[in-house]
1. Using the Karplus curve 6.51 cos²θ - 1.76 cosθ + 1.60 with θ = phi - 60°, work out ³J(HN,Hα) for each residue of the range 49-58 in order, rounded to whole Hz, and write x for Gly and Pro.
2. In terms of the ratio Rg/(2.2 N^0.38 Å) built on C-alpha atoms, what value belongs to the chain?
3. From the phi of every residue in the range 5-13, what ³J(HN,Hα) in whole Hz does the Karplus formula 6.51 cos²θ - 1.76 cosθ + 1.60 yield, where θ is phi - 60° and glycine or proline is x?
4. Can you tally the net charge around Phe55? Count Lys and Arg as +1, Asp and Glu as -1, for every other residue whose Cβ sits under 15 Å from the Cβ of Phe55.
5. So, in nm, how far is label Glu16 from label Thr42 when the simple model puts each one 7 Å beyond its Cα toward the Cβ?
6. Sum -39500 (n - 2.57) across every DSSP H segment of at least 4 residues in the chain, then divide by the residue count to get the 222 nm mean residue ellipticity, nearest 500.
7. In whole Hz, with x marking every Gly and Pro, tabulate ³J(HN,Hα) for the range 18-29 from phi via Karplus 6.51 cos²θ - 1.76 cosθ + 1.60, θ = phi - 60°.
8. How would you rank 14-23, 33-42, 1-10, highest first, on the average number of other Cβ atoms within 10 Å across their residues?
Amino acid sequence: MALVNNDLKARDAYDEAERAQMEAWLKLRNEVGHGRGEAVTTERIQAMLAGIGVFLTEHPSPAA
């Protein structure tokens with residue numbers, strides 16, 4: 001996913017701040033996905049989901 005994230009940034013699909021935020025979400029997902037999510041709080045997950053919601057609103061699918 002990091003390659004896709006960097007490629008989308010390179011193609012100006014989003015800016016550096018959004019690329020960095022996406023990277024943070026991917027790292028959080030990776031921690032949980034590999035059983036290292038014990039330090040992940042409910043608040044962090046809620047913030048991530050809210051951020052993803054904003055991102056999707058700002059970047060709707062071209063097919064939408």
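Just so you know, all these numbers are worked out from the coordinates, no wet-lab data involved. Given the structure is predicted, the values throughout are model-derived calculations rather than measurements. We place every Cβ from the backbone using ideal geometry, glycine too, and count neighbours over all the protein chains shown.
1. 3J(HN,Hα) across the range 49-58, in whole Hz: 5, 5, x, 5, x, 5, 4, 5, 5, 6.
2. In units of the 2.2 N^0.38 Å rule of thumb, it is 1.20.
3. Once rounded to whole Hz, the list reads 4, 5, 5, 5, 5, 4, 8, 6, 6.
4. Taking every other residue near Phe55 into account, the sum is -2.
5. In this crude label model, Glu16 to Thr42 measures out at 3.8 nm.
6. After summing the helix terms and dividing by residue count, I get -22500 deg cm²/dmol.
7. Computed from phi, the couplings for the range 18-29 are 5, 4, 5, 5, 4, 4, 5, 5, 5, 5, 4, 4 Hz.
8. 14-23, 1-10, 33-42
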